[in-house]
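Take a look at the structure set out below.
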Amino acid sequence: MRGKVSKKRNTAVIVMIAVVFAAFLIKLWDVQVVSAGEAAQAAVKGVEIDVEPVRGEILDRDGNTLATSRQVRTIVFNYVNFPSSSEKDERNRIISELISLFDRAGAKWIDELPIKVSKSGTLYFAKNRENEVSYLRSSAFLDLNPYATVQNCFDALVKRYSLENYPLSQARDIASVYYSMVKNGFNSATPYVFAKDVSAALASDIKEKSDSFCGVDVQVRSEREYPDGEIASHILGIVGAISPEEYAEKKSEGYALNDTIGKNGIEYAYESVLRGEKGKKRVTTDSEGNTTEKYITLPQNGDTVILTIRKDLQQVARDALEKLILDFRAKNANVTGGSVVVMDTKNNDILACVSYPTYDLSKYSKNAAKLNKDSNKPLWNRALLSTYTPGSTIKPAVAMAGLEEKIIDEDTLVTCGGIYTHYKDYRPTCTGVHGSLDVIYALYNSCNIFFYETSRLLGIEKLNDYFTMFGLGEETGVEIGESKGIVDSVSFRTEKGELWTPGLTIQAGIGHGDNQFTPIQLCSYASVIANRGVRHKAHFVKSIVKSDYSETVYTEQDQILSKADFSDKNWDLVYEGMLLVGTKSYADFTRVPVKVAAKTGTTTVRKAGNGKTEKNNGLIIAFAPYEKPEIAVSVVVEGATSGGSTAPVAAAVFEQYFAAAQGEQPAQTEGELLR
């Protein structure tokens, strides 16, 4: 009996031990495997970040690079590894040591804080940084009164970021980094860029000190580069940091606060094409600080934009315009600037478009303040945005209007005695006494009397109808911003509170009054004449291709905006008059290997208020070859003595174009250095 009881007890003990042991094993599995796995998983930090694409290139029509992107080493703070905002001492140490490292290397880091320290140790707000000072004081940052002093702002920065133990200049520099981190939206998806274009040696030094610089990384990013920053700066435009206003508008399209964006020109107009598409990668950091990266989606580089511009023609036009302007200035002439526009008459491809003075895109950020203050306005695109009184360049259009409306014909003669005598109380003059003239010689001699009479008989409405047919006062259609100009009219004067008088009609007929047209309109007008009434849409972009040239995304198609059905006989008369200007007048095209048809113009710029003459502007429109036109040119020089004095610029363009067409080099001017 006892044996049976003892046996049952032993069995019970064994079962109990087995149960306890099983429970222990389950607990051990939970602790060592399940919980350890969960703990390890909890110790791993991961975040998805954007990967920047390479911005697309901009090329000329022959494949020459005008704007590209180069790879540069960039120092960034990665949010996931950088000490948190609660670890202020560690953050301050890293930032302070990093700044010291850059200072010792003589390298620059991005310093945006609008507070500066003078040599004497005095704090002051940087000049021309009012918007940034306002942001610093605003509720978005320090939340101070709008009139807070520089000391108030600095004290608030020191308190917020625990910088009390740092010397003044050092505290100010550390605060600058924090300012930029907040301003540029430093977060898990947006790294903070501390410095750009860092040397290999400095980048290597930072990588070697990675244990000390937790969360500081070296990345390779693209930076805009221009092989010749002055060749087409007004066309290409500027790329810069996205503004708060631009970010608010573009954030839904995936833009971040530290992105760059096209500001004007082609860079702005084709931002969506050039920009490309960001990729995504996941950055994971384990409990021991080891980091791994894995792409979720690869970035797609921006497309390549191919312009209609011919680099060689752009260069020649720029050099010729600069030479003429500097020659004028050497003679103490009040010449402020000018422009040249060249179009292919077949389709109004813009082969060259120069505004002078110009600026260097590669140095823009460094020289921006100086450029903005320059009284000659080098940032202003005169070719597309400035408007000028056309003067006698308008006369071919007036001649055609008179011929088509049968006001005049090839036999009509008008006698020029130097003074127009139709009105008793208004007697405008001519530049000379030309005697009896027909329309051909009226164009050749630019006789005001002939065109006063023609425009009087036409009336302002008919005149303006024809100006519109020639595209004057009409946008040319270019992809980047342009002014529409002004066609002087009864309605325009009425809006100004002025009465229309007969004298204004005849002044419009010689290109004066309030008529104001852009240089690109004048070139388009010359192209319409060359095309015998056909007006094409002007354009800068020829095509768009993928970054690897695997596919053509877009090709510009020729667009005809209007077509005037004028008689060939009348065109022949206008052509003959312009041919005389291009071959027998003071507009010298003798070196050009083909016949040039042209019309010059000289206008007077008067000072507001006293009406005294300030200076003259010189203008010329031209096309060639006369027999079968290929290109049209307009030149405007502010302060030139006459329209004829601008002809050397147009001649240089024609020489280059036709020499290149024949596989030759243009002849060298005597005394000019070979190049």
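The values are calculated or read from the model by the stated rules, or taken from the named source; none is laboratory data. Bear in mind that the values here come from a model prediction, so they are computed numbers and not experimental data. Please note: Cβ atoms are built from the backbone with ideal geometry, for glycine as well, and neighbour counts cover all protein chains shown. Areas reflect the complete protein model, heavy atoms only, side chains present, ligands, DNA and RNA absent. Shrake-Rupley method; radii C 1.70, N 1.55, O 1.52, S 1.80 Å.
Worth a mention:
- Taking a ≥ b ≥ c as the square roots of the eigenvalues of the Cα gyration tensor, the stretch 44-117 is oblate, since a/c reaches 1.5 or more and a/b is not larger than b/c.
- A 1.4 Å probe run over the chain, with the rest of the protein chains in place, finds 48 Å² accessible per residue.
- The order of Val433, Val354 by accessible area, most exposed first and with a 1.4 Å probe, is Val433, Val354.
- Pairwise label distance in nanometres, Tyr586 with Ser86, each label 7 Å out on the Cα-Cβ vector: 8.4 nm
- Full extension of the chain between Val605 and Asp409 gives 67.2 nm of extra length, using 0.36 nm per residue less the Cα-Cα distance.
- The value of relative contact order for the chain, using C-alpha pairs under 8 Å at least six residues apart, is 14 percent.
- Legend: residue pairs Lys406/Lys628; Lys281/Lys373; Lys250/Lys496; Lys250/Lys377; Lys119/Lys207, Cα-Cα distance threshold 32 Å; pairs beyond threshold, Lys281/Lys373; Lys250/Lys496; Lys119/Lys207.
- Kyte-Doolittle mean at least 0.0 and Cα axial length at least 20 Å: DSSP H helices in the chain: 2-29, 168-183, 647-661
- Answer label, with Rg and Dmax of the Cα atoms in Å calculated from the coordinates and candidates [x] 27.4, 92; [y] 35.7, 157; [z] 31.6, 101: [y]
- Relative contact order [Cα under 8 Å, 6+ residues apart], the stretch 301-379, whole percent: 28 percent
- Of all accessible heavy-atom area on the chain, the percent that carbon and sulfur account for (1.4 Å): 51 percent
- Contact order relative to length of the stretch 52-141, as percent, for alpha carbon pairs under 8 angstrom and 6 or more apart: 11 percent
- Cα centroid separation - the stretch 325-348 against the stretch 536-560, whole Å: 28 Å
- Extension gain for Ser199 to Ser162 (0.36 nm times residue separation, less C-alpha to C-alpha distance): 10.2 nm.
- Rounded to the nearest 0.05, the FRET efficiency derived from the C-beta distance between Ala660 and Asp143 at R0 = 56 Å is 0.35.
- For the stretch 461-523 and the stretch 352-399, distance of Cα centres in Å: 20 Å
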